[in-house]
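Notes follow once the structure below has been shown.
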Amino acid sequence: MRVFVTGATGFIGTALIPKLKAAGHEVVGVARNDAGAAKLEALGVAVHRGLLEAPESLAEGARNADGVVHLAFDHDFSRFVENGQKDNRAVEAMLAVLEGTGKPFVVTSGVNIITGKIAEETDPTPRDGFGVVRGASELSTLSAAERGVRGMVVRLPQVHDTRRQGLITPMIQIARQKGFVGYAGDGSTGLSAAHVSDVARLYRLALEKGKEGAVFHAVDEEHVPMRAMAEAIGERLGLAARGLAPDEVEGYFGAFAMFASMDNHASSALTRAALGWTPTGRGMLDDLRECEPDAAV
């Protein structure tokens, strides 16, 4: 299969490419600039120049592919809602050129769009609140069967190795700046997680075996408490970890205060059954205890 991958130069993209190639697929990766193109060439894949801001550039790459994995997203949290709209424009452009082909199209979302309960694959896409940022792209993709496209959604938890740990990575940088590792309240809130190698394998399985309209949760650990993560970071950095009173959270975390107080539980039972996916990677706390604190966010 000739697979078109947006976000190919990113954290998950660079883990996915070797797995696709090992399975016999040809990969075409999107590069935003010369540095990205060089990175992809070093991985031995064809380069397609494209930008989220130019949906037609991604549509052209999708047109010539046998399948698409859409990983790219603009993580500028100061423009989060706008970036969700930009993402959906890119999704719609790619779906338009795939209409009637029956080709697989795998789009990325997040398990944290489901709040107030243990997130499950059968939970409907939110149409308001925090979930609406990713919701439009989910809805476009899940309705793609009506347009003759095998659309599927992969919802991500905090994806990690020793270099990056999702939203926890910028929190590590904050801890270094503040001189201690803070967590909201008693630290009982937490996040779901999975190792990047397991997440990459899930994308490959979804592309090859997933059914149209399916939602998959790339979750290994359903809930890792914030206090446990803070203590693991503190152990690695040689810093104390302590809870923050409600009026301290925003001052400590700044723009990340909303995420620092988030509580996300997510299941992947249906995903494991549907795809035969069994995570084998290290846990979040193990990676945090050996994290590279100077790694780029």
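The values are calculated or read from the model by the stated rules, or taken from the named source; none is laboratory data. Small disclaimer: the values here were computed from a predicted structure and weren't measured. FYI the Cβ positions are ideal-geometry reconstructions off the backbone, even for glycines, and counts take in every protein chain you see. Surface accessibility is based on the protein's heavy atoms, side chains included, excluding ligands, DNA and RNA. Shrake-Rupley method; radii C 1.70, N 1.55, O 1.52, S 1.80 Å.
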Filter result for the condition that a residue is at pLDDT below 95 and either among the hydroxyl-bearing types (Ser, Thr, Tyr) or open to solvent by less than 30 Å² (accessible area, probe 1.4 Å) (or both), over Gly50, Gly84: Gly84
Checking Asp74 against (1) at pLDDT below 95; (2) over 17 Å from the mean Cα position of the chain (by Cα); (3) among the acidic types (Asp, Glu), the condition it does not meet: (2)
Answer residue from region 67-76, given it is open to solvent by 10 Å² or more (accessible area, probe 1.4 Å) and either of a type in the set (Ser, Thr, Tyr) or out of contact with any Ser or Thr (no Cβ under 6 Å at 6 or more places or on another chain) (or both) and is nearest to Leu142 (Cα to Cα) among those: Phe73
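Hey, does region 144-159 have a residue that's open to solvent by 20 Å² or more (accessible area, probe 1.4 Å), within 24 Å of Phe259 (Cα to Cα) and touching a residue at least 40 places away in the same chain (Cβ under 8 Å)?
Just the residues of region 144-159 that are open to solvent by 20 Å² or more (accessible area, probe 1.4 Å), to begin with: 145-148, 150, 156.
Cutting the leftovers down to within 24 Å of Phe259 (Cα to Cα) gives us 156.
Imposing the further condition that a residue be touching a residue at least 40 places away in the same chain (Cβ under 8 Å) reduces the set to 156.
The answer is yes, given that some residue of region 144-159 is open to solvent by 20 Å² or more (accessible area, probe 1.4 Å), within 24 Å of Phe259 (Cα to Cα) and touching a residue at least 40 places away in the same chain (Cβ under 8 Å).
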Conditions (1) part of a strand (DSSP E or B); (2) under 30 Å from Phe4 (Cα atoms); (3) open to solvent by 20 Å² or more (accessible area, probe 1.4 Å); number of the one not met by Ser192: (3)
Pick from region 113-143, criterion charged (D, E, K, R) and surrounded by fewer than 20 Cβ atoms within 10 Å (Cβ to Cβ), ranking: nearest to Phe216 (Cα to Cα): Glu120
Listing of helices (runs of 4 or more DSSP H) fully contained in region 207-272 that carry 2 or more residues being open to solvent by 40 Å² or more (accessible area, probe 1.4 Å): 226-237, 246-253
Every pair of residues 6+ apart whose Cβ atoms lie under 7 Å, when the first sits in region 191-216 and is within 12 Å of Val69 (Cβ to Cβ) and touching a residue at least 60 places away in the same chain (Cβ under 8 Å) while the second is open to solvent by 10 Å² or more (accessible area, probe 1.4 Å) and part of a helix (DSSP H, G or I): Val199/Ile12; Ala200/Ile12; Ala200/Ala15; Ala200/Lys19; Arg204/Lys19
Matching residues in region 87-107 - criterion: being assigned to a helix (DSSP H, G or I), open to solvent by less than 40 Å² (accessible area, probe 1.4 Å) and not hydrophobic (A, V, I, L, M, F, W, C): Asp87, Asn88
All positions within region 116-130 that are more than 17 Å from the chain's Cα centre (by Cα) and not small (Gly, Ala, Ser): Lys117, Ile118, Thr122, Asp123, Pro124, Pro126, Arg127, Asp128
Checklist (1) at pLDDT below 95; (2) open to solvent by less than 50 Å² (accessible area, probe 1.4 Å) applied to Arg79, failing item: (2)
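Of Val224, Val297, Val249, which residue is β-branched (Val, Ile, Thr) and modelled with pLDDT under 95?
The conditions single out Val297.
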Among residues of region 3-29, those that are in contact with a strand residue (DSSP E or B) (Cβ under 9 Å, 6 or more places away or on another chain), open to solvent by 50 Å² or more (accessible area, probe 1.4 Å) and either outside any strand (DSSP E or B) or under 16 Å from Gly166 (Cβ atoms) (or both), counted: 1
In region 171-189, residue nearest to Thr125 (Cα to Cα) [restricted to those that are open to solvent by less than 30 Å² (accessible area, probe 1.4 Å) and assigned to a helix (DSSP H, G or I)]: Met171
